[in-house]
Amino acid sequence: MNKKELVQKSYEIAKERYAALGVDVETSLNKLQDLSVSIHCWQADDVTGFENLGNIGGGGIQATGNYPGKARNIDELRTDIEKVLTLVAGKKHRLNLHEIYGDFGNKIVDRDQVDASHFTSWMQWGQEKGIKLDFNSTSFGHPKSGDLTLANPDKSIRDFWIEHTKRCRAIAEEMGKFQNDPCIMNLWVHDGSKDLTVNRYLYRSLLEKSLDEIFDIKYKNMKDCIESKLFGIALESYTVGSHDFYLGYGAKKQKMVTLDMGHFHLSESVADKISSLLLFTPEIMLHVSRPVRWDSDHVVLLNDETTELAKEIVRADALNKVHIGLDFFDASINRIGAYVVGIRATQKAFLQALLEPTVKLREYEANGQYFERLALLEETKGLPWNAVWDYFCFKNNIAVGEDYITEVQQYEKEVTSKR
């Protein structure tokens, strides 16, 4: 029996097993097929970007490692993303760009001067490849970044970053209009203090005023989201844009809140936050990542945190209200391989969630049958979801199982090793 026959046979067995629990596998696969993952561009080049300003790093961002073959320009980055998409299932994935990835040519364009023309080629590329774009303002790695940007008491610095962010929103609006689908524009600033501060209220009041000015213009083709963080590198003692701050602002102003899995205490459950946010904010943006001891943005794996996150979204029937983005960057391993592992792990988590016998579990819970609920939750861990996953890959005409490893190795031999 060849691999194709084995995959098909295993799938049919799994399909019957799930059907016995009231789960329609084909319905689950259709939902997974439509699941859109916003793939972050910055894994391909270690968060360097294509500015000509002499990116100085800092601002809570640090990619570690020196594995050879990173993308050095826009063409190489696009080629890498196109390769990644041949190794993951699904046809509705998006690309998430930071502002520093504009097509600036040989011109020096400061961040308060950027406009949609610097992303025209990206929009055209996305249209040609059938990839929708998302966007981010970029507050780090700039001579005016410092410890404070939108919360800076120096009005000239604050106004610089307000203008930058306004322009990023205008770019996102043009992207959304061009692709006839809203572009999600994420706002994250690293603002904070390395040691103790006595001006917590001042900085947060300044950030609120800056956000009010930034969001003053209403757009139809873009959606705003605001991202919190627990702490930043060299800004460990105080973060202006904490989760409490953005949760309050998001609920008050009806803005989408971004939950980054690495931006909380390691003992916190990001999954538990889903149901609360859905009650008070219009939508949620996710940055799926993997913290190791701190917000280290490791490659996403199929672990408890990722699967519980996916299950909470599916249980809340919120796939149409939660946007799934990735945010990790590992410069110590093959970057294309990192992408594929992380994207596949995210999809696997949602497949497990979609295959959960939720109706039966809710019935047990409603009847007070807590032993039965606990037992079934435990038994679902051993159900043959991986046979369904292999069939999903086969159906999408991509590498099944570990076969993608050789494809990544071949791409490294033919492309990235020659950079």
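Data table
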{"quantity": "Within the chain, helix-based [θ] at 222 nm, where runs of 4 or more DSSP H residues each add -39,500 (n - 2.57), nearest 500", "calculated": "-14000 deg cm²/dmol"}
{"quantity": "Calculated from backbone phi, Karplus (6.51, -1.76, 1.60) coupling profile of region 402-419 in Hz, x at Gly/Pro", "calculated": "7, 4, 5, 4, 5, 5, 5, 4, 5, 5, 5, 5, 8, 10, 5, 5, 8, 7"}
{"quantity": "Local electrostatic count, T416, Cβ distance below 14 Å [Lys/Arg +1, Asp/Glu -1]", "calculated": "-1"}
{"quantity": "Cβ-based exposure ranking for H263, H93, in which fewest neighbours within 10 Å come first", "calculated": "H93, H263"}
{"quantity": "Folded to 0 to 90 degrees: helix 271-280 orientation relative to the chain principal axis, Cα", "calculated": "70 degrees"}
{"quantity": "Whole-Hz couplings from phi, Karplus 6.51/-1.76/1.60, listed for region 123-138; x for Gly and Pro", "calculated": "5, 5, 4, x, 5, 5, 9, x, 10, 7, 10, 10, 8, 9, 6, 10"}
{"quantity": "Amide H contacts under 5 Å for C183, placed H, 5+ residues apart", "calculated": "G176, M222, K223"}
{"quantity": "Order by protection proxy (mean Cβ within 10 Å, highest first), peptides 147-157, 35-45, 182-192", "calculated": "182-192, 35-45, 147-157"}
{"quantity": "Degrees between helix 335-354 axis and first principal axis of the chain (Cα, 0 to 90, nearest 10)", "calculated": "60 degrees"}
{"quantity": "Highest average packing first - 284-294, 119-129, Cβ atoms within 10 Å", "calculated": "284-294, 119-129"}
{"quantity": "Region 271-305 versus region 14-57: alpha-carbon centroid distance in Å", "calculated": "14 Å"}
{"quantity": "Check: the chain dipole with +1 on Lys, Arg Cβ and -1 on Asp, Glu Cβ, in debye", "calculated": "480 debye"}
{"quantity": "Ordering of 165-174, 405-414 by packing [mean C-beta count within 10 Å, highest first]", "calculated": "165-174, 405-414"}
{"quantity": "Amide proton proximity set for D134, modelled H, under 5 Å, gap of 5+", "calculated": "L95, N96, L97"}
{"quantity": "Under Karplus coefficients 6.51, -1.76 and 1.60, residue-wise ³J(HN,Hα) of region 386-401 in Hz, glycine/proline x", "calculated": "5, 5, 5, 4, 4, 5, 4, 5, 4, 4, 8, 6, 10, 4, 9, x"}
{"quantity": "Cβ-based exposure ranking for Y249, Y101, in which fewest neighbours within 10 Å come first", "calculated": "Y249, Y101"}
{"quantity": "Rounded to whole Å, sorted largest first: equivalent-ellipsoid semi-axes of the chain, Cα gyration tensor", "calculated": "36, 27, 19"}
{"quantity": "Helix 370-379 axis, angle to the chain major axis (alpha carbon atoms, nearest 10°)", "calculated": "90 degrees"}
{"quantity": "Spin-label pair Y67/L53, simplified geometry with 7 Å Cα→Cβ offset, distance in nm", "calculated": "2.9 nm"}
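Readers should treat all values here as calculations from the given coordinates under stated rules, not as data from a laboratory. For clarity, every value in this text was computed on a predicted model and none was experimentally measured. Here Cβ is always computed from backbone atoms with ideal geometry, including for glycine, and neighbour counts include all displayed protein chains.
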